Amino acid sequence: MTSKIENEKASPKQVGDAIKKASVETNADVLIYVGPTTKQLTQYATFIGGLPGHMKAHFDKCKVLERLFIPTKEFESFEKQLSDANSVESMLFQKVKDYFQSEVK
């Protein structure tokens, strides 16, 4: 018995394109947490398939928390902006840090 893949003939270019497409789609679903380390989260932790479910109650209480889960392709840009105390990224980071210090014991 032969499988469907064995019966199909694909050029090396088609195989390469399929691998690249799968890699792009996989990376699109990977988020990196760029906020402060807390009891529930570690800075730079990655999450596949979206936001972590165990943080839902915190997302409801701290609306900006979700904005610190970014696609990996935005990581370098975010980190550059974080060093500027007046940037949106820096303000988001500080709001989340304040939330976890005051609300979560």
Legend entry - Above-threshold pairs, the threshold being 18 Å between Cα atoms, out of K73/K95; K56/K80; K39/K73; K39/K95: K73/K95; K56/K80; K39/K73
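Between K39 and T72, what is the FRET efficiency for a Förster distance of 22 Å, r being their Cβ-Cβ separation, to the nearest 0.05?
Values: r = 24 Å, r/R0 = 1.10.
About 0.35, to the nearest 0.05.
We did not get these values from a lab; they are worked out from the coordinates using the rules stated. Not measured: the values here are computed from a predicted model. Methodologically, a virtual Cβ is constructed for each residue, glycine included, from the backbone with ideal geometry; neighbour enumeration extends over all protein chains shown.
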